[in-house]
Amino acid sequence: MRELKPNVYAVGAVDWDRRLFDELIPLPDGTSYNAYLIKGSEKTALLDTVDPTKADVLIDNLVRIGINRIDYVVAHHAEQDHSGSIPDVLMLYPDAKIVTNAKCKGMLIDLLNVADDKFITVEDGQTLSLGDKTLQFVYIPWVHWPETLGTYLQEDKIFFPCDFFGSHLATSSLFVDDEAVVYEAAKRYYAEIMMPFRTTVKKNLEKIKALEIEMIATSHGPIYDRPEFIIDAYKDWVGDEVKNEVVLPYVSMHDSTRKMVEHFADALIERGITVKQFKLSSTDIGKLAISLVDAATIVLGSPTVLTGAHPAAAYAAILANALRPKTRFASIIGSYGWGGRMVEQLTGMIPNLKVEVLEPVMAKGHPKDEDFVALDKLADQILAKHKELKVSK
Ligand code: FEO
């Protein structure tokens with residue numbers, strides 16, 4: 001438990017040991033579930049709770065501050081890592097009301113079985129007075145669920161945006177103390193959680209311009225006491241500009257595809273293009289997701305297995321399709337033994353990507369001179385396409 005500003009406390013939990021979220025997303029640096037307590041001169045509000053696995057930490061923090069009464073539990077988002085301990089809090093503070101919007105209320109009733117009369121629903125822009133502190137609710141839908149809202153604490157100029165601007169980063173620092181480390185973690189978080197909703201993230205960035213923000217206290221990772229750091233990073237990530245980069249995830253069984261990938265990566269580098277190469281059988285998919293935030297092009301490398309793509313390559317295609325990066329070009333390189341429909345299969349898996357598919361290069365067996373020539377031509381074509389787009393470095 002620590003104080004951000006007078007009578008505004010961080011009461012959440014750091015989860016140093018968690019290594020996977022949703023049984024999908026790697027957390028190499030752990031995470032935190034941030035909850036905040038605001039003591040006004042008349043009323044007390046708790047903003048969000050924590051993952052149910054850490055409910056005891058939240059309760060201990062509240063007890064240590066000596067909180068006898070909570071009037072409002074503001075629920076910004078129904079996902080369990082923030083709402084899952086609401087029942088524990090209500091058990092300890094039975095008079096508390098849950099403050100949220102109508103959509104989140106419906107979800108919390110579905111997920112936590114909370115009684116209807118425990119809720120106060122608020123509209124976008126509505127305020128709630130705690131006495132000398134005023135909460136202003138700001139709807140920020142689709143960052144990353146439809147119901148998400150944030151709270152602006154008017155007197156202290158703190159914005160609490162829940163997942164928006166978050167980072168999966170376990171740290172003992174309350175505030176960002178190493179911007180390079182947080183930038184990487186926040187970019188990973190953006191890539192995995194927010195990128196599929198780039199358009200609405202952009203709208204929400206515009207919307208919060210109306211607030212005078214001195215501090216952004218997210219629900220994961222350290223607090224931004226220099227908010228322009230993360231706001232500028234988000235502007236860059238959601239912008240339409242792509243970089244002179246090729247993301248090259250690949251898998252190889254008998255080295256044919258690997259040889260093609262290595263030749264192709266060299267050809268791209270010789271042409272001044274940045275390459276982000278990932279061996280799918282061992283890569284951290286979070287790193288792959290980060291690389292998709294800016295890259296102009298993705299090229300998948302795969303051998304043919306049972307007439308189709310290797311399942312690891314299919315997984316990468318499905319993942320890229322789900323994350324909806326702003327990538328503009330795509331292609332496929334790889335090998336086959338006697339035939340197959342890998343190219344059609346993989347291109348059919350990426351309907352969400354608004355990409356131009358460039359001529360794939362498929363080698364029969366081990367790659368031969370003509371295959372390396374075809375790879376050089378693909379590299380030439382990518383360079384020409386990037387130049388046409390005037391991609392940035
Ligand atoms: Fe951190 Fe969408 O929950």
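The values are calculated or read from the model by the stated rules, or taken from the named source; none is laboratory data. These numbers were taken from a predicted model, which means no experiment stands behind them. Methodologically, a virtual Cβ is constructed for each residue, glycine included, from the backbone with ideal geometry; neighbour enumeration extends over all protein chains shown.
Observations on the structure shown:
- Flag if Ile59 is in contact with an Asp or Glu (Cβ under 8 Å, 6 or more places away or on another chain), more than 30 Å from Met195 (Cβ to Cβ), more than 16 Å from the ligand (Cβ to nearest atom) and assigned by TED's automatic domain parsing to the domain that holds Pro196: yes
- For the range 19-50, taking the residues that are among the hydroxyl-bearing types (Ser, Thr, Tyr) and in a loop (DSSP other than H, G, I, E, B), the one that is nearest to the ligand (Cβ to nearest atom) is identified as Thr49.
- Condition met for Met107 (free of Cβ contacts under 8 Å to residues at least 12 places away in the same chain, farther than 24 Å from Leu4 by Cα and not in a loop (DSSP other than H, G, I, E, B)): no
- Count of residues meeting criterion [in a loop (DSSP other than H, G, I, E, B) and not charged (D, E, K, R)] in the range 116-146: 12
- Selection status of Ala55, among the small types (Gly, Ala, Ser), surrounded by 20 or more Cβ atoms within 10 Å (Cβ to Cβ) and not in a strand (DSSP E or B): yes
- With respect to being in contact with a Phe, Trp or Tyr (Cβ under 9 Å, 6 or more places away or on another chain), part of a loop (DSSP other than H, G, I, E, B) and not aromatic (Phe, Trp, Tyr), Ser252 falls outside the description.
- Condition check for Ile67: within 13 Å of Val11 (Cβ to Cβ), in the same structural domain as Asp15 (by TED's automatic domain parsing), out of contact with any Gly (no Cβ under 8 Å at 6 or more places or on another chain) and more than 16 Å from the ligand (Cβ to nearest atom): yes
- From the options Thr199, Thr171, residue that is surrounded by fewer than 22 Cβ atoms within 10 Å (Cβ to Cβ), in a helix (DSSP H, G or I) and β-branched (Val, Ile, Thr): Thr199
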